[in-house]
Structure formats: structure tokens, C-alpha cells
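These notes are about the structure you will find just below.
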Amino acid sequence: MFSNLTERLSKSLRNIINKGRLTEENIKDTIREVRKALLEADVTLSVIKKFIKNVTQKSIGYEINKSLTPGQEFIKIVRNELISAMGEKDNDLNLSVRPPAVILIVGLQGVGKTTTVAKLAKWIQEKYKKKILVTSTDIYRAAAIKQLEVLSEQININFYLSNINQTPIKITEEAVNHAKLKLYDILLIDTAGRLHIDETMMNEVQEIQNFSNPIETLLVVDSMMGQDAINMATSFNQYLSISGIILTKTDSDARSGIALSMRYITGKPIKFIGTGEKLTNLEIFNPERIADKILGMNKVISIIKDIEEKINQSHVKNLTNKLKKGHDFNLNDFLTQIKEMKKMGGLNYFIDKFTNNKMISDNLLLDNDKYALNKIEAIIYSMTPKERNNPMIIKGSRKRRIALGSGTQIQDINKLLKNFDNIKRIMKKIKNNGIGKIIRNIKNILPKHF
């Protein structure tokens with residue numbers, strides 16, 4: 001469902017991710033491509049306008065997190081706006097009510113509503129271990145009641161049998177009373193689908209809602225409907241005041257605009273998505289995970305999160321200020337950065353994130369990675385404060401003492417000093433860009449045989 005949008009957005013954002021600085025010009029170029037990608041994904045125009053406005057305002061003049069490059073910061077802003085459009089947190093079911101908690105399932109005909117009832121019943125049973133009853137009030141569609149009965153048997157959920165000679169409201173009344181009598185925790189009610197918004201049918205389901213007083217009224221929406229789904233959801237919400245939405249057929253080639261538009265237009269959260277035909281193919285709609293999937297930049301998003309969560313911001317600020325004042329990068333600074341790298345998983349973390357060539361990955365520090373950073377730390381700790389501040393004085397006798405103190409070889413000391421010279425040169429080029437670029441270059445400057 002999200003593949004086309006992912007492809008377009010990834011292409012649009014790829015050009016800005018490594019920018020050393022964000023300017024109004026390069027932001028506008030990228031945002032123009034983002035707008036095209038959203039239009040092609042069939043996102044509602046009003047949503048696009050708000051999305052683009054927010055991204056633009058937050059990007060231009062935005063104070064960049066010193067741990068990130070400006071390009072990474074822009075990706076973060078786009079990601080946060082995607083999450084905001086879809087809902088900033090998971091919207092699980094509200095079951096905080098005296099049993100039985102009634103969940104009413106509504107929607108048009110042909111959207112996969114009855115199957116979704118069974119999927120939801122199974123999901124609730126597995127997560128909450130509740131005693132569940134399901135019933136069908138669909139007396140209009142041939143074999144609708146039998147379909148839900150069969151599905152209920154497949155997932156070992158109790159089914160309250162109704163028949164086409166009863167009225168929907170009578171079925172509802174009997175099912176609610178049965179659920180109370182038999183001490184069921186949850187009652188799921190499947191309603192008749194309709195081919196369009198028919199006033200008579202809407203009044204009928206409204207009557208069912210008024211009688212059953214459901215804690216949740218969930219609207220099932222076919223993700224392949226496109227913009228029509230927005231209008232349909234709005235109409236249902238006017239009649240029933242729905243509490244959430246379930247998107248079906250998200251494993252199809254449908255455009256993803258509906259996922260971005262639905263919550264903004266209706267004000268109701270997407271609670272679940274159907275990801276396939278099996279009765280286990282129902283997932284909680286997680287806006288953060290979907291945003292990462294849409295961006296198609298899981299590695300970039302992952303490292304942004306890790307940098308923000310694990311890097312000591314005071315160390316970053318101190319190093320940045322020191323470099324800006326013209327002070328040299330010394331081995332004490334290098335030691336601080338080594339400690340920060342260890343927090344994020346060591347050298348292999350960066351190799352995995354930024355090395356695409358598997359042959360290189362397989363031969364670069366993988367066997368000894370857990371010892372590499374410890375060995376570098378041991379060497380630096382074996383130096384005197386004077387040697388750390390001025391590595392140029394480390395010659396023959398000093399190297400022998402350091403090697404003996406750290407349990408390493410003199411050639412290890414030579415490799416470290418040689419590579420430290422390389423990192424100093426890189427630091428001079430990137431001193432104004434924060435630790436983000438230091439991290440991206442670190443795999444190229446550390447010894448490869450520690």
C-alpha cells in the first residue's frame with residue numbers, strides 16, 4: 001500500500017539528507033517534490049496544504065540539533081509531520097466499561113467487514129484473554145450470518161446464532177441479554193453492509209447503536225476506495241459518532257493517501273489495519289512505524305533516534321564549543337567519542353548502518369569488534385595527560401611504556417596515532433556540523449585490525 005509513496009519520498013529526500021546546511025532554496029526544492037509525491041499518493045489536498053505548511057515553517061530558521069546534520073533534521077521534521085497527520089500515538093481499544101463491553105462494527109458492503117469482526121475477536125482474545133461473544137445483525141446479505149458463524153468456529157470464539165426472520169434490533173437485544181447472562185466480557189456486533197449511504201439503513205444501525213450503547217463503534221474502510229472513503233467516513237461519523245477506523249486490504253496496491261487523510265478529515269483515529277486474508281492478519285495501526293515505512297529510510301531514522309537518545313548532549317556541546325574556539329581535537333576528545341560510540345553498539349553498528357557492501361562488512365572488524373574500542377580506550381588511558389593533549393611527543397620509549405601499560409603491541413600504538421592524525425584532519429573540515437558527520441566518518445578512521 002505504501003510502496004509508491006515510499007519510492008517517491010525516498011527519492012525526494014535523498015537529495016537533502018547529506019546537505020551541510022538547510023537553505024530556503026534547497027528546502028523549497030525538496031518540499032516541491034514531497035508535494036508531488038503526496039498528490040500522487042491520493043492524499044487529500046487540504047491535508048497536503050497543512051503538511052507542507054508545517055514542514056516549511058519548522059524547517060526554515062529551525063535550530064538544528066547539534067547531534068544531527070541539517071539534512072537529518074529535515075528528515076526528522078518530515079517524519080514527525082507524517083506521524084502527526086496519522087495520529088501521534090497508538091489508539092488501542094477502550095474496554096474500560098462494565099462487562100459486557102460492546103463493540104459495534106459498521107461499514108459499506110464489500111469492505112471485508114465480517115472477516116474483520118472475526119480478526120478483531122481473535123486479536124482481543126489473544127491479547128486480553130477475554131471471554132468473547134460475536135453476533136451478526138445482517139439479515140439482508142445471503143449467508144452473512146452463516147459466514148460469521150463459520151469464522152467464529154475457526155478461531156474458537158462463541159457465536160450467538162441469529163436468523164433472517166428477526167429484526168436487527170431484536171437480534172441486538174437478545175445478544176446483549178445473552179452476553180450479560182453468560183458473563184461475557186466482550187460482545188462484537190456485525191452489522192449489515194450497505195452499498196451506499198442509505199438513510200433507512202443508517203437509521204437502522206443508529207438504532208442498534210442507541211440500544212447497545214457500544215464502548216467502541218468501529219468503521220471498516222476499504223483502503224482501495226481512495227478519496228470516496230473520506231466522504232463515506234464523514235457521513236458515517238455524522239450518523240453514528242464512530243470511535244475509530246479499521247483499514248482493510250492494506251496489502252494491496254492501493255495508494256496510501258487514505259491513511260494520511262482519514263484521521264485529519266474525520267478527526268477519528270485509525271486503530272487497526274488488515275494486512276492480509278488470514279484471520280491473524282490484523283495489526284494495531286502504529287503511526288510511528290508506518291511513518292518510518294513510508295519514508296523508506298529505516299537506517300537513517302534508526303540512527304537519528306539512537307543519536308538523540310544515547311549521545312550525551314553535554315559532551316557534544318562541549319566539543320563543538322571547543323572546536324569553534326580554535327582548540328585542537330586531542331586524544332581526550334577522541335576518548336570521549338569512543339565512549340559515546342560504545343553506547344550505540346560499537347563499530348559494527350556504524351558498519352551495519354552505513355556500509356552497503358556485504359563483503360566489506362564481513363571483513364571489517366566483525367570478529368574483534370567487541371574488543372576494538374576497549375583496546376583503544378586502554379591505550380589512551382595508559383598515556384599521561386601531557387601525551388593525550390599533545391600526541392606528537394609520543395616517541396619510542398613512551399610507546400613502549402604505553403604498550404606495556406595497556407597490554408598491547410607498539411604497532412597498535414602506531415596505528416592509533418596514525419589514524420588519530422586522520423581524524424584530526426576530518427575534524428577540521430566538519431567542526432561546525434556537530435557529531436553527526438564525525439560518526440559517519442568514524443568507520444573510515446579507526447584502526448581496522450584492533
Taking 135-141, 407-413, 198-204 and ranking on average Cβ neighbours within 10 Å, highest first, one gets 135-141, 407-413, 198-204
Quotient of Cα radius of gyration and Kirkwood radius for segment 163-222, i.e. Rg/Rh, equals 0.97
One quarter of the C-alpha convex hull surface, i.e. the mean projected area of segment 101-285 in nm², amounts to 9.4
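Go through 106-115, 176-185, 384-393 and give me the packing order, highest mean Cβ count within 10 Å leading. The partial results should precede the final answer.
Working: 106-115: 21.4, 176-185: 15.4, 384-393: 12.9.
Peptide ranking by packing, descending: 106-115, 176-185, 384-393.
Order by neighbour count: D228, D333, fewest other Cβ atoms within 10 Å first, most last. Please report the intermediate quantities before stating the final value.
On the way: D228 13, D333 21.
Final ranking by Cβ density, sparse to dense: D228, D333.
Net charge near I145: determine it from the other residues with C-beta under 12 Å of the C-beta of I145, scoring Lys and Arg +1 and Asp and Glu -1.
Values: positive: R141, K146; negative: D138, E149, D190.
Summing Lys/Arg as +1 and Asp/Glu as -1 gives -1.
What does the charge count near A179 come to, summing +1 for each Lys or Arg and -1 for each Asp or Glu among other residues with Cβ under 10 Å from its Cβ? Mind showing how you got there, number by number?
On the way: positive: K131, K180, K182; negative: E174, D185.
After counting each charged neighbour, the total is +1.
Could you tally the net charge around E277, taking each other residue with its Cβ under 13 Å from the Cβ of E277, Lys/Arg +1 and Asp/Glu -1?
Details: positive: K119, K249, K278; negative: D251.
Once all neighbours under 13 Å are counted, the net charge is +2.
Using only C-alpha positions, report the orientation-averaged shadow area of the convex hull of segment 88-160, nm², one decimal. The partial results should precede the final answer.
Details: hull surface 23.6 nm².
It is 5.9 nm².
Just so you know, all these numbers are worked out from the coordinates, no wet-lab data involved. Keep in mind the model is a prediction, meaning the values are calculated, not measured. Cβ atoms come from the backbone with ideal geometry, glycine included; neighbour counts cover every protein chain shown.
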